[in-house]
1. Looking at Gly28, Gly50, Gly89, which one is assigned to a helix (DSSP H, G or I), surrounded by 10 or more Cβ atoms within 10 Å (Cβ to Cβ), modelled with pLDDT under 85 and at negative phi?
2. Could you say whether any residue in segment 70-81 is under 23 Å from the mean Cα position of the chain (by Cα) and at pLDDT 80 or above?
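The values are calculated or read from the model by the stated rules, or taken from the named source; none is laboratory data. In this text the structure is predicted, and so the values were computed from the model without any measurement. A quick note on method: Cβ atoms are made from the backbone with ideal geometry, for glycine too, and the neighbour counts reach across all protein chains shown.
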Amino acid sequence: MDALLEQLSVLADMALDGGGFDPARLDGVLALFESEARASWAAAEAEHEGVARATEAVAGGHLNAVMGAAVGTYRGSSGEADALATATGAMEMALNATSGSESE
């Protein structure tokens, strides 16, 4: 890009001095500028897409980890609730059995 700017500067100096300015040469330099700009744009776009994909992958992995932890916590609390319900049922049966034998 620096070389293109230097060529453009030389052409501008030629145009100002009135000596040997060639419009076709200016068109060639501008075409090179356009080509360089398009290549830079494509490279920046590819880099952006790569960063976006990497960010999505990290976010997806984080989401999966958080969801896995939440499901594990739910299953753990669900298992605790089941155990508590079983223990409560056993206590009620024991209480009923004890209460029934005392009233006789």
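1. On the way: Gly28 fails: modelled with pLDDT under 85; Gly50 fails: modelled with pLDDT under 85.
So the residue among Gly28, Gly50, Gly89 that is assigned to a helix (DSSP H, G or I), surrounded by 10 or more Cβ atoms within 10 Å (Cβ to Cβ), modelled with pLDDT under 85 and at negative phi is Gly89.
2. Looking for residues that are under 23 Å from the mean Cα position of the chain (by Cα) and at pLDDT 80 or above, one finds at least one in segment 70-81, hence yes.
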